[in-house]
1. Just checking, how many residues over the range 86-118 are over 15 Å from the mean Cα position of the chain (by Cα), under 25 Å from Pro241 (Cβ atoms) and either surrounded by 19 or more Cβ atoms within 10 Å (Cβ to Cβ) or not β-branched (Val, Ile, Thr) (or both)?
2. Does the range 113-133 contain any residue that is among the charged types (D, E, K, R) and farther than 23 Å from Ser275 by Cα?
3. Only residues that are buried (at least 24 other Cβ atoms within 10 Å of the Cβ) and more than 13 Å from Arg83 (Cα to Cα): list them for the range 337-352, please.
4. Which one of Thr286, Thr309, Thr320 is within 12 Å of the chain's Cα centre (by Cα), modelled with pLDDT of 90 or more and assigned by TED's automatic domain parsing to the domain that holds Val269?
5. Pick from the range 289-306 the residues that are in a strand (DSSP E or B) and touching a Ser or Thr at 6+ places or on another chain (Cβ under 8 Å): which of them is modelled with the lowest pLDDT?
6. Which one is modelled with the highest pLDDT among residues in the range 323-352 that are part of a loop (DSSP other than H, G, I, E, B) and over 19 Å from Val252 (Cα atoms)?
Amino acid sequence: MINFRFHLISLVAVFLALGVGVAMGASFVDRATVDSLRGRVDDLDRGFRDRGQQIDDLEGQLRQSDEQAAALGEPGSYALDGRLDGQRTVLLVPEGTPDGILDAARGALTNAGAAPAAVVRLRTDLSLDDDGAVTRVRDRLDLRTGTVNDLRERLLDLLGVALGRLAAPTSLASPGSTTLPPTTVTPSIGTPTTGSPAAPGAGPASASPTDPVAARALLSAMSDAGLIAIEATGPAEQAFPAGAPVRYVELVPVGSGGEVVSPAAEVAVLVPLSSSLSATAPGSLTVAAALAERPPGTATTTTTPAAATSVVQALRQGDTKQRLSTVDDLQDPFGRLATVFAVAAGAEGRVGHYGTGPGAEAPFPTVPTG
C-alpha cells in the first residue's frame with residue numbers, strides 16, 4: 001500500500017528538481033549570451049579605435065601633403081623657379097571675383113618669375129543686360145547689329161580678337177592636338193563715331209583689329225565705354241606695351257556646387273570670349289577656375305574631385321579644347337602649380353586640361369623644359 005506522505009514527498013522532489021534544472025539552465029544560457037554580446041562589443045570598440053587612429057593618421061598625412069604642396073608654390077621653390085622668366089602675363093578677371101582668388105593667381109605667376117601681371121577686369125556691362133550698356137556699345141563702338149544677343153556675340157568676338165592680337169605667338173604642336181591657324185574675322189561695316197580712337201592704323205572701333213595698334217585702340221574704346229577696366233600703371237598702351245607680347249590667365253570664380261558666382265563670369269560671356277581669343281592666338285590662354293570659398297575643415301590632394309564648373313566644362317569640348325588650357329582647382333596648391341605649368345607649356349606649343357574635375361587629363365602638366 002502506497003503511503004500518501006511518501007507520494008507527496010516524491011512529487012515535491014520531482015517538481016523541485018525540475019525547477020532547479022530550469023533555473024540552472026536558464027542561468028547558463030543567459031551567461032553565455034551576455035559573454036557573447038560583451039565579446040562582440042569589445043571587438044567593435046577595438047575596431048572603431050583602430051579605424052579612428054587610421055583616420056587621424058591619414059588626415060595628418062593629408063595636412064602634411066598640403067603643406068608640402070603649398071611650399072612648392074612659395075618664392076624660390078624649385079618647382080616654380082624660372083618657369084615663367086621673361087613671360088608677361090595678363091589676368092582676365094570677371095568683376096566680382098574675390099580678392100583671394102586674384103591674389104593666389106598673381107602670386108603663383110610672380111613666384112614663377114613672370115613680370116607683374118596687369119589685370120583686365122571684365123565689367124558686368126559686357127553681358128549687355130541693361131539698355132544703358134546696349135546704348136553705350138552701339139554709340140561708342142558703332143556696332144549696329146540687330147538683336148542684343150548678336151550684339152553681345154560681336155562685342156565678345158571683338159574683345160577676344162583684340163586680346164589675341166597682343167598675345168605672344170604660339171605654334172601648337174602637342175601630341176594629339178590639332179595645329180589651328182589664327183581665325184580671320186571679317187570686320188563689320190561701320191564708321192568711326194565721335195570720340196572713336198584715331199590712332200594710325202586703328203580703323204573704325206567696330207572693325208576687328210588686325211595689328212597691335214588697332215587692338216590697343218579698341219581696348220581703350222571698350223574701357224571708355226565701361227565694358228572693361230584695365231588695371232596697370234596706365235592705359236592700354238602701358239598695360240600692353242609695344243614689343244612685349246603677353247599670355248593670358250582667365251579666372252573663373254565658382255561656388256562649391258560648380259555654379260559661377262561672379263555676375264560678369266556667366267557662360268554667355270566667358271565661353272565666347274575664350275573661344276575668340278584662343279582662335280586668334282592658339283595656346284596663349286589658360287582658363288583657371290577656383291572655389292570662391294573652401295568648405296571649412298576640408299583637406300585636398302590631387303585625388304580630391306573638383307567641382308564641375310560650367311565654363312570649364314564648356315571649354316573642354318569641341319575644337320576649343322585644342323586651342324587653350326584649363327585648370328579646375330586654382331584654389332589648391334596643386335592647382336596653382338598646374339596653372340603656372342600650363343602657361344609655360346603654352347609657350348612651348350602645348351595645351352591641356354588639368355585638375356581633378358570631369359574632363360581633366362592629369363593633376364598638372366609635365367614640367368616644361370628649358
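1. Residues in the range 86-118 being over 15 Å from the mean Cα position of the chain (by Cα), under 25 Å from Pro241 (Cβ atoms) and either surrounded by 19 or more Cβ atoms within 10 Å (Cβ to Cβ) or not β-branched (Val, Ile, Thr) (or both): 16 in total.
2. The first filter runs over the range 113-133 and keeps only residues among the charged types (D, E, K, R), leaving 121, 123, 125, 129-131.
Those left that are additionally farther than 23 Å from Ser275 by Cα: 130-131.
Looking for residues that are among the charged types (D, E, K, R) and farther than 23 Å from Ser275 by Cα, one finds at least one in the range 113-133, hence yes.
3. Val351, Gly352
4. Details: Thr309 fails: modelled with pLDDT of 90 or more; Thr320 fails: within 12 Å of the chain's Cα centre (by Cα).
The match here is Thr286.
5. So the first thing to find is which residues in the range 289-306 are in a strand (DSSP E or B), and the list is 289-291.
Still in the list and also touching a Ser or Thr at 6+ places or on another chain (Cβ under 8 Å): 289, 291.
Details: Ala289: 91, Leu291: 81.
Once the filter is applied, the top-ranked residue is Leu291.
6. Here is the first cut: in the range 323-352, the ones part of a loop (DSSP other than H, G, I, E, B) are 323-324, 328-332, 348-352.
Going one step further and asking which of them are over 19 Å from Val252 (Cα atoms), we end up with 348-350.
Working: Glu348: 84, Gly349: 86, Arg350: 89.
If we take residues in the range 323-352 being part of a loop (DSSP other than H, G, I, E, B) and over 19 Å from Val252 (Cα atoms), then Arg350 is modelled with the highest pLDDT.
The values are calculated or read from the model by the stated rules, or taken from the named source; none is laboratory data. The model shown is predicted, which means the values in this text are computed figures rather than measured ones. Cβ sites come from the backbone with ideal geometry, for glycine too, and all protein chains shown count toward neighbours.
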